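As structure tokens, the structure follows; a few thoughts come after it.
The values are calculated or read from the model by the stated rules, or taken from the named source; none is laboratory data. As the structure is a prediction and not an experimental result, all values here were calculated from the model. Here the Cβ positions follow ideal geometry from the backbone for every residue, glycine too, while neighbour counts run over all protein chains shown.
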Amino acid sequence: MLSLEYIRQNKEKVIAAIKNKNRVADVDKILTFDDDRKEYIRQIQLLREERNKIAKQPFTEVTKKRGIELKTELKDKELKLATIEKELNTMVSFVPNVPLDEVPVGKDETGNQEIKKWGETPTFDFPAKDHIDLGLALDILDLERGTKVSGFRGYFLKNKGAILHMALLFYVFKKLTEKGYTPLIAPSIVKGFTLFGTAQFPWGEQEVYKLNDDDAYLAGTAEVPVTSYFSGEILKEEDLPKKFVAFSPCFRKEAGAYGKDTKGLYRVHEFWKIEQVIIGKNNLDEARKLHEELQQNSEEILQDLGLPYRVLLMCTGDMGEPQIKKYDIETWMPARKKYGETMSNSIMGEFQTRRLKIKYRKKDGTTEYCYSLNNTAMASPRTLIAVLENYQQKDGTITVPKVLQSYTGFDKISP
């Protein structure tokens, strides 16, 4: 969330961000409400000062009468102030973050900029199969029974497919732990404040599963619980940055993807992720370095797996509301004959930490809001698709990437 002071001082930038991120918010109305809020605060303070002054005077009918009047006036103005503040907070919650200057302005994905490619896309001297045909032929995937027991987009991973899936996740989890990231198994059932705090709400509310219990939801990413880990706390400057690698099941309604990728494992309601989350100082230069560190981690993973990929600098219209800068990595998927999104890497600035009230105390005793960053290190079974399709062989087998063989215990999957 942006502060009112920032919105007031950077009005034109904020208006441009709202427009360029394809969102709707009325900045002039926000500032008018803020003016009203300040005026009510001023009036309430004057009334309280008068009340305190009267309390020190001798008790008379005059002071008694004025005391009753002050009590009524204060109650009325405090109620109006509370109403204004509630409405103001709601309006501000719909204002997206302001992108950095290097972020390209664009309406949608067509405005994204490709900044890097790695690896040679494979060519096959045989009719290549998609991950569905491969999975069925090798008996490592069951979509029919998955749909029967789970519904639309349900699936079972089976046999060596299940083992390969788990190997992918554990390999990444171990790799990042060895880089000094604190390993976490994060909860998927979260309270509403975590979704608002990470800015999944209000914009992405239609994507989130709500449980029957009061204030209970299923998170779509470990970013939600892990970024909220320090909510309401003041950290020590010398302890920053805090770096986490977190595993969690993830759940998304995919409400905005009606008719898209309806077959297979590319777009499903439940999946697993290894997420990188960093809570750092309120320092843009340091945040940029951490952002590149997260990016390097993700690229190393795909290079270790030998999967071709490309890196995109996301434009304003395709980067999301809380980000100030975002990279996406798309991995080559032969059956799609194009790259498919597998990883996202974002700097959020203090947008999330302001909502979650995460601060740190500086050496001079003052406090500031932290910066937060996050990156998808591994999302599977989406990345599993890339492994299956890129490593398929003419005889119908799938070769297991060398880096995973010590985790799987086998080097190929055969019919």
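The residues in segment 333-343 that are surrounded by fewer than 22 Cβ atoms within 10 Å (Cβ to Cβ) and not in a loop (DSSP other than H, G, I, E, B) can be counted, and the count is 4.
For segment 86-110, residues that are assigned to a helix (DSSP H, G or I), over 25 Å from Arg355 (Cβ atoms) and within 21 Å of the chain's Cα centre (by Cα) total 1.
Taking the conditions (1) over 36 Å from the mean Cα position of the chain (by Cα); (2) surrounded by 15 or more Cβ atoms within 10 Å (Cβ to Cβ); (3) closer than 30 Å to Leu388 by Cα in turn, Gly67 satisfies each one other than (3). Counting only residues that are at pLDDT below 90 and outside any loop (DSSP other than H, G, I, E, B), which one in segment 48-63 is farthest from Glu78 (Cα to Cα)? That would be Glu61. Per the listing Glu330, Glu299, the residue uniquely of a type in the set (Asp, Glu), outside any loop (DSSP other than H, G, I, E, B), in contact with a Ser or Thr (Cβ under 7 Å, 6 or more places away or on another chain) and more than 20 Å from Leu134 (Cβ to Cβ) is Glu330. Does Leu81 meet the test of being surrounded by 14 or more Cβ atoms within 10 Å (Cβ to Cβ) and more than 29 Å from Phe201 (Cα to Cα)? Taking the combined requirement at face value, the residue does not satisfy it. When Ser228, Ser248 are checked against the criterion of being in a helix (DSSP H, G or I) and either modelled with pLDDT of 95 or more or over 21 Å from Thr383 (Cα atoms) (or both), a single residue qualifies: Ser228.
I'd like the full set of residues that are part of a loop (DSSP other than H, G, I, E, B) and under 14 Å from Asp133 (Cα atoms), limited to segment 396-411. Lay out the reasoning, then the answer.
First, the residues of segment 396-411 that are part of a loop (DSSP other than H, G, I, E, B): 396-397, 400-401, 409-411.
Result: Gly396, Thr397.
Only one of the listed residues (Cys315, Cys370) is surrounded by 23 or more Cβ atoms within 10 Å (Cβ to Cβ) and either modelled with pLDDT of 95 or more or closer than 30 Å to Asn20 by Cβ (or both). That residue is Cys370.
When Glu109 is tested against (1) buried (at least 19 other Cβ atoms within 10 Å of the Cβ); (2) under 28 Å from Cys250 (Cα atoms), exactly one condition is not met: (1).
Of all residues in segment 391-415, exactly one satisfies the criterion of being more than 20 Å from Trp332 (Cβ to Cβ) and among the basic types (Lys, Arg), namely Lys412.
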